């Protein structure tokens, strides 16, 4: 059985009868008392983050997950249909596994699906995606110094705030974790 000395960022463990990913950890050896490990864990089912302290050397259960590449094809009700890029097998994945970034996912985008046996644990979507602006107010030259923003509708249907110089048909890089504009890729 593994213990806290095996901790590393991204490791998936079974804790309190649920699966958690280790976001961050720190071994602490105080001057008095026993050593311990302070950790930040993210629940893979609901995305909630919690802080927990383990005694040094405490036993943990590591969960082996298999990461497979899939291509997002289309949405079908509350499910997203994805295709295995190796076997071309299609599966329906509940939309809640994709998290809040699902609104920035366009068809044919590659995603990583993590499996524990045949059970889907979570879906990792790309952190940055390039999306085309389909609707926004026109921009004007010189509108860059104020830092003002305006709404822009993207090709996936999502709306984000962008700088005033962005126009229709510009391609933008968007952070799927926060839904924020990062940069203009091409005008």
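Please treat every number below as a calculation from the coordinates, not as lab data. Model, not experiment: these values are computed from the prediction. Cβ coordinates were reconstructed from backbone atoms using ideal geometry, including for glycine residues, and neighbour counts include every protein chain displayed.
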Original post:
For the chain, what does the equivalent ellipsoid look like in terms of its semi-axes, each the square root of 5 times an eigenvalue of the Cα gyration tensor, given largest first in whole Å?
Top reply: 39, 24, 11
Subject >> the stretch 2-62 - Debye-derived log10 I(q)/I(0), Cα point model, q = 0.14, 0.27 Å⁻¹ >> reply: -0.36, -1.17
**OP:** For the stretch 128-186, count all C-alpha to C-alpha pairs, find those more than 17 Å apart, and express that count as a whole percent of the total.
**Re:** 28
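Can you tell me the FRET efficiency between residue 148 and residue 17 if r is taken as the Cβ-Cβ distance and R0 is 45 Å, rounded to the nearest 0.05? Provide the component values of the computation, followed by the final result.
Numbers: r = 49 Å, r/R0 = 1.09.
Once rounded, the FRET efficiency stands at 0.40.
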**OP:** Pull out the extension gain between residue 127 and residue 67, defined as 0.36 nm times the separation in residues minus the alpha carbon to alpha carbon distance; nm, one decimal.
**Re:** 20.0 nm
Subject >> Most mobile of 152, 95, 56 in a GNM of the chain (Cα contacts under 10 Å) >> reply: 56
Subject >> Label-point gap, in nm, between residue 79 and residue 116 - each point 7 angstrom along Cα→Cβ >> reply: 2.2
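For the stretch 66-124, just run the numbers: alpha carbon Rg, then divide by 2.2 N^0.38 Å, N being how many residues it has. Working shown, then result.
Working: Rg = 10.3 Å, N = 59, 2.2 N^0.38 = 10.4 Å.
Working it through for the stretch 66-124, the quotient is 1.00.
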Original post:
For a paramagnetic label modelled at 7 Å from the Cα of residue 52 toward its Cβ, which residues of the stretch 1-32 fall within the zone defined by backbone nitrogen distances under 12 Å?
Top reply: 4, 12-23
Original post:
With springs only between Cα atoms under 10 Å, which of 77, 33, 147 fluctuates most in a Gaussian network model of the chain?
Top reply: 33
Original post:
Picking from 52, 43, 116, which is most flexible by a Gaussian network model of the chain using Cα springs under 10 Å?
Top reply: 52
